[in-house]
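Each remark here refers to the structure printed beneath this line.
The values are calculated or read from the model by the stated rules, or taken from the named source; none is laboratory data. Note that the structure is a prediction, hence the values are computed from the model and not measured. Methodologically, a virtual Cβ is constructed for each residue, glycine included, from the backbone with ideal geometry; neighbour enumeration extends over all protein chains shown. Each accessible area value is taken on the protein alone, full model and side chains, heavy atoms only, with ligands, DNA and RNA left out. Shrake-Rupley method; radii C 1.70, N 1.55, O 1.52, S 1.80 Å.
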Amino acid sequence: MADNKSWRSAFSIYVQPRVRGMIFLGFSAGLPFLLVFSTLSAWLRDEGVERSVIGFFSWIGVTYSIKVFWAPVVDRLSLPFLTKFLGKRRSWMLLAQLGVVVGLVGMGSSDSHSQLQQIALFAVWVAFCSATQDVVIDAYRIESVNPEYQGAMAATYVLGYRIALLVAGAGAFYIADYASWKVAYFVMAAAMSVGLVTTLCLKEPDHKHFDGRLSENVAVKRQNIWRRLSISFVDAVLHPFVEFFGRNGKVGLLILMLIAVYKMSDITMGVMANPFYLDLGFSKKDIADISKVFGFFMTIAGAAMGGVLVVRYGIMRPLLLGAVMVAATNLLFAVLAVSDPNLLLLAGVISADNLSGGIATSVFIAYLSSLTSTAYTATQYALFSSLMTLPAQLLGGFSGVVVDSYGYTVFFIYASTVGLPAIVLVLLLMRYQSRSKAYNYNPG
């Protein structure tokens with residue numbers, strides 16, 4: 001976007017109905033996430049589970065990172081009965097949301113001392129259904145509006161997502177403090193009704209279909225079932241990847257590398273955040289008041305600013321800003337680890353972390369959206385978002401081991417350092433784009 005676009009014009013994008021509507025889908029997507037991630041970590045730590053075990057529990061998040069394997073099914077398969085009445089996107093949303101409800105009820109019904117494996121299995125199921133929902137919502141978001149709106153769509157999505165994190169974070173902490181973790185998870189299951197109602201009220205977006213040149217060929221239809229299955233596999237799974245590299249060439253590898261490392265610093269740090277606050281001596285109410293409620297507004301401010309920056313300056317410069325800010329703010333947690341714990345310092349560190357995280361998230365979502373082809377929306381975006389989280393989730397599984405071996409200070413410095421490759425890769429892509437524009441501009 002041009003730099004001379006007015007700020008008023010940039011902010012006006014948020015009055016678009018479909019942009020505002022993403023708040024509700026963001027809520028539906030965000031609610032299950034903390035319940036199998038940091039809120040689950042806090043529950044287990046509060047029940048006396050060892051930090052090394054809690055770290056390994058973070059590998060449940062790998063489910064979000066391998067959703068690319070079943071995204072082609074979501075892209076192509078119609079669900080009996082549901083698709084006829086709701087359409088392809090909404091039918092998959094509804095099925096995934098019902099699965100999340102069942103899994104949360106199962107987690108709340110399990111005992112954290114004697115049924116730890118059962119909690120893990122239900123958590124994996126919730127993560128699987130939640131990841132499937134993410135695939136569909138991402139496809140819906142990209143197919144609903146033009147690319148220029150994607151930054152704002154991402155920002156309102158983040159707003160809804162953060163409201164859900166507030167409910168699943170601070171809300172769960174408050175309920176657990178005054179009642180129990182079991183009650184908290186039952187209430188979270190009931191809160192998923194927001195997603196169910198939203199799905200039923202949505203309008204199915206227009207989306208392109210696969211050209212079907214192979215699968216629709218008459219001669220192919222006469223082939224045996226294995227031949228047709230192999231051709232369907234090529235259409236659904238291989239074509240999205242071929243199309244991506246066909247558009248981007250060799251630079252596609254650089255793009256995939258950036259996607260793999262951009263959120264690594266943020267996700268690695270997040271695994272130990274709540275255990276860190278508890279080990280510093282803060283109560284569950286303190287954590288809910290500051291890290292969830294106060295931090296919420298800073299994240300929303302950052303996300304909104306990220307959406308505006310994309311409209312005004314394009315994607316790459318805000319993308320660089322987000323990478324730098326996330327890596328830098330992780331160092332503030334190292335400062336907190338060696339300081340006398342107090343609520344004011346905690347609020348300052350969390351504010352900076354959430355502001356930077358909000359900017360980075362909304363800009364990065366817009367960046368990923370800009371890379372997809374609408375003919376393969378769900379599959380390509382699932383590839384990008386899976387690649388975004390998989391390395392960090394695998395690395396984050398060892399977070400508890402690092403803390404137990406070296407302490408929190410070293411851990412947060414380490415979490416900041418793993419964000420440096422993202423900064424370097426953004427700079428390389430910006431340099432490549434500048435050279436490409438200069439080449440295209442100069443006919444000689």
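Every test in (1) open to solvent by 20 Å² or more (accessible area, probe 1.4 Å); (2) part of a helix (DSSP H, G or I); (3) modelled with pLDDT of 85 or more; (4) not polar (S, T, N, Q) is passed by Ala96 save one, and that test is (1). Does Asp111 satisfy the condition of being part of a loop (DSSP other than H, G, I, E, B) and either open to solvent by 40 Å² or more (accessible area, probe 1.4 Å) or free of Cβ contacts under 8 Å to residues at least 60 places away in the same chain (or both)? Criteria met by Asp111. Of the residues screened, Ile60 is one that is within 28 Å of Phe276 (Cα to Cα), at pLDDT 80 or above and out of contact with any strand residue (DSSP E or B) (no Cβ under 9 Å at 6 or more places or on another chain). Residues that are open to solvent by 30 Å² or more (accessible area, probe 1.4 Å) and outside any helix (DSSP H, G or I) were ranked within the range 16-53; the one that is nearest to Met153 (Cα to Cα) is Gln16. Elements of the type helices (runs of 4 or more DSSP H) sitting completely within the range 237-279 and holding at least 2 residues that are open to solvent by 10 Å² or more (accessible area, probe 1.4 Å), of a type in the set (Ser, Thr, Tyr) and without any contact (Cβ under 8 Å) to a residue 60 or more places away in the chain: there are none. Exactly one residue out of Ser28, Ser38, Ser6, Ser78 is modelled with pLDDT under 85, closer than 30 Å to Tyr277 by Cα and of a type in the set (Ser, Thr, Tyr), and it is Ser38.
Among the residues of the range 286-311, the ones that are open to solvent by 40 Å² or more (accessible area, probe 1.4 Å) and either under 13 Å from Gly357 (Cα atoms) or in contact with a Phe, Trp or Tyr (Cβ under 7 Å, 6 or more places away or on another chain) (or both) come to 4 in all. Residue under question is Ser399, and the condition is that it be under 30 Å from Pro205 (Cβ atoms), open to solvent by less than 20 Å² (accessible area, probe 1.4 Å) and either modelled with pLDDT of 90 or more or within 21 Å of the chain's Cα centre (by Cα) (or both); does it hold? Considered against the rule, which asks whether it is under 30 Å from Pro205 (Cβ atoms), open to solvent by less than 20 Å² (accessible area, probe 1.4 Å) and either modelled with pLDDT of 90 or more or within 21 Å of the chain's Cα centre (by Cα) (or both), Ser399 comes out as no.
One line per residue, one yes/no per condition, for (1) within 30 Å of Met305 (Cα to Cα); (2) at pLDDT 85 or above; (3) in contact with a Gly (Cβ under 9 Å, 6 or more places away or on another chain):
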{"residue": "Ala2", "(1), (2), (3)": "yes, no, yes"}
{"residue": "Gly55", "(1), (2), (3)": "no, no, yes"}
{"residue": "Phe69", "(1), (2), (3)": "no, no, no"}
{"residue": "Val73", "(1), (2), (3)": "no, no, no"}
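Selection of the range 395-409 for residues being in contact (Cβ under 8 Å) with a residue 12 or more places away in the chain and not small (Gly, Ala, Ser) yields Leu395, Phe398, Val401, Val402, Val403, Asp404, Tyr408, Thr409.
Residue-level check: of (1) over 19 Å from the mean Cα position of the chain (by Cα); (2) among the hydroxyl-bearing types (Ser, Thr, Tyr); (3) assigned to a helix (DSSP H, G or I), Ser356 misses just (1). Filtering the range 126-153 to residues that are at pLDDT 90 or above and touching a Gly at 6+ places or on another chain (Cβ under 6 Å) leaves Val126, Cys129. The number of residues in the range 56-79 that are assigned to a helix (DSSP H, G or I) and either within 23 Å of Leu395 (Cα to Cα) or of a type in the set (D, E, K, R) (or both) comes to 15.
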